[in-house]
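Visitor: First the structure, then my questions, so here it is.
The values are calculated or read from the model by the stated rules, or taken from the named source; none is laboratory data. Note that the structure is a prediction, hence the values are computed from the model and not measured. Glycine gets a Cβ as well: all are built from the backbone with ideal geometry, and neighbour counts include every protein chain shown.
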Amino acid sequence: MKFGVVQFPGSNCDYDCYYALKNILKAPVEMIWHKEKEHNLKGYDCIVLPGGFSYGDYLRVGAIARYSPIMTAVIDFALKGGLVLGICNGFQVLTEAKLLPGALIRNECLHFICRQQTIRVENIDTPFTKLYHKEQVLKIPIAHGEGCYYADEETISELENHHQVLFRYCDARGEITREANPNGSLSNIAGICNRERNIVGLMPHPERAMEECLASLDGRLLFESIVIQLK
């Protein structure tokens, strides 16, 4: 079992993910620099694309990182069934790479949002969510300016029909309401997976909800679910 955390220019949550995996879960993990073009990711079991502002978010969030040398290997790894987790900017990169459907656009309020946020677990039938309970309410931080999930009506319908929505923004009671939606995401979507369940993207930061001193342990079960899957 081994994790790899990809580092793009502008990543700022890479060491958060590294710390969570190595120091808290005691899992084998290595940093992977984005220019490692010849890297085939052999020996890794799960690749994490962390949050931040890859390439300064120039052009469009995640658009330049999608063409970074390492992404050829990440795409190949994912299409062969390897586990891939994209957090915040990593989610944006996954949509730009067409590994996940839809897009992340500017928050409805047009402001950067940084706060604790409640989300509800919608699907526990994945390697990333198996230790949660259906409709469990989690407190996970968000920090983004372009976190509004958008897709056409047909794509949203497919996501719902194939149970690919993993997390939704909700209130403290677990109610899915417009008021509980921080960024205007369609269907209150906070995280999704592909149909094969091996690629996941979410805007909230589970790596920042791993210790009591951070006011929440709710992100820990996501990473522990992956560890159990890989053992």
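Visitor: If you check every pair at least six apart or on different chains, which have Cβ atoms under 7 Å apart with a residue in the range 89-113 that is assigned to a helix (DSSP H, G or I) first and a residue that is among the basic types (K, R) second?
Guide: V93/R66; E96/R66
Visitor: Which one is surrounded by the most Cβ atoms within 10 Å (Cβ to Cβ), of the residues in the range 166-203 that are on the phi > 0 side of the Ramachandran plot and out of contact with any helix residue (DSSP H, G or I) (no Cβ under 8 Å at 6 or more places or on another chain)?
Guide: That would be N188.
Visitor: Please tell me if F91 is touching a strand residue (DSSP E or B) at 6+ places or on another chain (Cβ under 8 Å) and surrounded by 23 or more Cβ atoms within 10 Å (Cβ to Cβ). If you could, list the steps in order and put the result at the bottom.
Guide: Values: touching a strand residue (DSSP E or B) at 6+ places or on another chain (Cβ under 8 Å): yes; surrounded by 23 or more Cβ atoms within 10 Å (Cβ to Cβ): yes.
Taking the combined requirement at face value, the residue satisfies it.
Visitor: Here's another thing I want to ask about it. Cβ-Cβ under 9 Å, sequence separation 6+ or interchain: first residue in the range 47-71 and free of Cβ contacts under 8 Å to residues at least 40 places away in the same chain and within 18 Å of P101 (Cα to Cα), partner assigned to a loop (DSSP other than H, G, I, E, B) and among the charged types (D, E, K, R). Which pairs?
Guide: Final answer for the pair search is R60/E146; R66/K98.
Visitor: I would also like to ask the following. Can you go through E135, E179, E196, E158 and tell me which one is farther than 20 Å from A215 by Cα, of a type outside the set (V, I, T) and without any contact (Cβ under 8 Å) to a residue 24 or more places away in the chain?
Guide: Details: E135 fails: without any contact (Cβ under 8 Å) to a residue 24 or more places away in the chain; E196 fails: without any contact (Cβ under 8 Å) to a residue 24 or more places away in the chain; E158 fails: without any contact (Cβ under 8 Å) to a residue 24 or more places away in the chain.
So the residue among E135, E179, E196, E158 that is farther than 20 Å from A215 by Cα, of a type outside the set (V, I, T) and without any contact (Cβ under 8 Å) to a residue 24 or more places away in the chain is E179.
Visitor: Does the range 42-77 hold any residues that are in a loop (DSSP other than H, G, I, E, B), at positive phi and touching a Gly at 6+ places or on another chain (Cβ under 6 Å), and which are they?
Guide: Once the filter is applied, which keeps residues that are in a loop (DSSP other than H, G, I, E, B), at positive phi and touching a Gly at 6+ places or on another chain (Cβ under 6 Å), the range 42-77 yields nothing.
Visitor: Residue check: is L21 outside any strand (DSSP E or B), aliphatic (A, V, I, L, M), in contact with a Phe, Trp or Tyr (Cβ under 9 Å, 6 or more places away or on another chain) and within 19 Å of E224 (Cα to Cα)? Steps first, please.
Guide: On the way: outside any strand (DSSP E or B): yes; aliphatic (A, V, I, L, M): yes; in contact with a Phe, Trp or Tyr (Cβ under 9 Å, 6 or more places away or on another chain): yes; within 19 Å of E224 (Cα to Cα): yes.
The answer is yes for L21.
Visitor: From (1) polar (S, T, N, Q); (2) assigned to a loop (DSSP other than H, G, I, E, B); (3) out of contact with any helix residue (DSSP H, G or I) (no Cβ under 8 Å at 6 or more places or on another chain), pick out the condition that doesn't hold for S157.
Guide: (2)
Visitor: Just checking, does the range 109-123 include any residue being buried (at least 23 other Cβ atoms within 10 Å of the Cβ), touching a Pro at 6+ places or on another chain (Cβ under 8 Å), at pLDDT 95 or above and not polar (S, T, N, Q)?
Guide: Yes, there is a match, as at least one residue in the range 109-123 is buried (at least 23 other Cβ atoms within 10 Å of the Cβ), touching a Pro at 6+ places or on another chain (Cβ under 8 Å), at pLDDT 95 or above and not polar (S, T, N, Q).
Visitor: For S157, only one of the following conditions fails: (1) over 22 Å from C46 (Cβ atoms); (2) among the small types (G, A, S); (3) touching a strand residue (DSSP E or B) at 6+ places or on another chain (Cβ under 7 Å). What is its number?
Guide: For S157, the failing item is (3).
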